[in-house]
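The values are calculated or read from the model by the stated rules, or taken from the named source; none is laboratory data. Computed from a predicted model, the values in this text were never measured in an experiment. Cβ placement follows ideal geometry from the backbone for every residue including glycine, while neighbour counts extend to all protein chains displayed.
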Amino acid sequence: MKIIKILFILSLTTLFAQDVDSSSKWSQESINLQKQAMQMSFDNVFETGSKRIKVIDSALVLLDRSYKIDTTYYHALTSQIGLYQEKKDYELALTTMKEVLKLKPDFAEVEFGLGMQYDFLKHKEDAKRHYLKALDLYKERLNQKKYSDINNHFHIGLCLVLLGKEKEGKEYIYKFNGNQEMDEFIEMFDVKNLTRSSLLKSFYK
């Protein structure tokens, strides 16, 4: 599993935990099915070939049930995104991300992921539009003190890199050098040698 996928999953997992902890508006059955699907996927993450595909398909069935029970529970959809990408079903991944944004328009990670998906599919203008939207959403979070500041700052830097502003993006990230969480991101992503091209390859290679 590539490093940016790990970061994307961790971001979604953190948001999921915070949302569920602070809200009782969703069906508990939907939440439980989503957790079951993700646990199944993580427990079998090192399976390969047809065995891994069977795991993914089983997880997707649970997530589909989760969403049908409660069609406001967007975490059932966000959990499908990475599984579709792993199956290389990129059009379904795109469709699912768009559905998530209908339910939660301020979901910065999904805007960021949508930009990368369009970038991979060579839809450069669409990619740029979503990177810019993600950039604005991460900045809004900082103003609202929502979620981890360092996670938001790091994603702002990544957005700048993906927009072709590699020097500006890396300099922005290094402004927070010395913070333990940021230092871990810097090492994980080898920010010193990070380029727009290497960032995209780390996700889709």
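Looking at segment 46-137, the helices (runs of 4 or more DSSP H) lying wholly inside it that each contain 2 or more residues that are surrounded by 22 or more Cβ atoms within 10 Å (Cβ to Cβ), not acidic (Asp, Glu) and not assigned by TED's automatic domain parsing to the domain that holds Leu162 sit at 49-69, 75-86, 90-103. Among the residues of segment 157-185, the ones that are surrounded by fewer than 21 Cβ atoms within 10 Å (Cβ to Cβ), modelled with pLDDT under 95 and part of a helix (DSSP H, G or I) come to 4 in all. Looking only at segment 8-15, decide whether some residue is of a type outside the set (Ser, Thr, Tyr), modelled with pLDDT of 90 or more and touching a Ser or Thr at 6+ places or on another chain (Cβ under 9 Å). So far as segment 8-15 goes, no, none of its residues is of a type outside the set (Ser, Thr, Tyr), modelled with pLDDT of 90 or more and touching a Ser or Thr at 6+ places or on another chain (Cβ under 9 Å).
Looking only at residues of segment 138-149 that are buried (at least 17 other Cβ atoms within 10 Å of the Cβ) and either without any contact (Cβ under 8 Å) to a residue 60 or more places away in the chain or touching a Leu at 6+ places or on another chain (Cβ under 6 Å) (or both), we find that the one that is nearest to Val191 (Cα to Cα) is Tyr138.
Please tell me if Phe42 is farther than 22 Å from Ile156 by Cα, modelled with pLDDT of 50 or more, outside any helix (DSSP H, G or I) and of a type in the set (A, V, I, L, M, F, W, C).
Considered against the rule, which asks whether it is farther than 22 Å from Ile156 by Cα, modelled with pLDDT of 50 or more, outside any helix (DSSP H, G or I) and of a type in the set (A, V, I, L, M, F, W, C), Phe42 comes out as no.
Could you please let me know if Phe154 is in a helix (DSSP H, G or I) and outside the structural domain of Ile53 (by TED's automatic domain parsing)? Taking the combined requirement at face value, the residue satisfies it.
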